[in-house]
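Inspection log for the structure reproduced underneath, given as structure tokens.
The values are calculated or read from the model by the stated rules, or taken from the named source; none is laboratory data. Just so it is clear, the model here is predicted, and its values are computed rather than measured. Glycine also receives a Cβ, built like all others from the backbone with ideal geometry; neighbour counts cover every protein chain displayed.
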């Protein structure tokens, strides 16, 4: 299951788009919305619709 390069969401194989760059790197997009925003060089951290995973704090006991 590939992960979108813009929003970091996992998606199924028949959906989405895979682009291979000249340096051999593969870029995955789950939707045209992600592809257009990446082409506009937008920051995924600043877009409101991208769900970011919160880091869990590790509590040390003792």
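Against the numbered list (1) at pLDDT 90 or above; (2) surrounded by fewer than 10 Cβ atoms within 10 Å (Cβ to Cβ), residue 7 comes up short only at (2). Just to be sure I understand, how many residues within region 10-31 are assigned to a loop (DSSP other than H, G, I, E, B) and loosely packed, with under 13 Cβ neighbours inside 10 Å? Here the count works out to 9.
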